[in-house]
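Structure first, commentary second.
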Amino acid sequence: MDNNFEKTAEQAAAFQKIWIDSASKLIQAGLAVGPNSAPPDVLRQIRSGIFQALAESWEEFMRSPQFLEGMKQWMETAIAFRKVTGEFLAKARNEMQAPSRDDVDTIMLNIRHIEKRLLDRIEDLSHQLQELKQSKQVRHANGRPASTKASRRRRARQTRKTGTA
C-alpha cells in the first residue's frame, strides 16, 4: 500500500512539474515582446507565443510516461468494466429466461435463409409458368388448341358476355 502511494505521489509531482513548466513558458512568451513594436504586432506575438507554448507543453504532457501509463490503466479498466457488464447482463437475461443477442441473431439468420429459399422457389415457379405460357402460345400459333375443355369454357364465357353464339 505504501509503494502504491509513493507511485501516485511521484505521478502527481510529474504532472505538477509539467503544468508549472507550461505556465512559465506562457509567461515568458508574453514578456518576450520588445517595447518598440506596435500594439497589434505585440498582441499577435503574444498570441503566437502562447499557442506555441501550449502546443509544446501539451505535446510533452501527452508523451509523458505518466500520462501514457494513466491512459493504459484507464483503457484496461474500461475493457474490464465492459466485460463484467456484459457478463452481468447475460446472466440477468438468462435468469429471466429472455433470449440473448446470439439467440436473436441466430433466429434472424434462419429467417433470412428461409426467405432466400422461398424467393428462389417462387422464381423457379415463375420461370416454369412463363415456359408453360410460351409453349401454349406456340401451340395456338400452330393451329392446335391447347386443351379442348379450356377452349370450350373460353367460348362459353365469350357467348355469355356478348350474348351471341
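Key figures
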{"item": "Compactness relative to 2.2 N^0.38 Å, alpha carbon Rg of the range 37-99", "result": "2.28"}
{"item": "Proximal lysines to residue 133, defined as alpha-carbon separation beneath 24 angstrom and excluding residues fewer than eight positions away on the same chain", "result": "149"}
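No lab work stands behind these numbers, since they all come straight from the coordinates. Keep in mind that this is a model prediction, so the values were computed, not measured.
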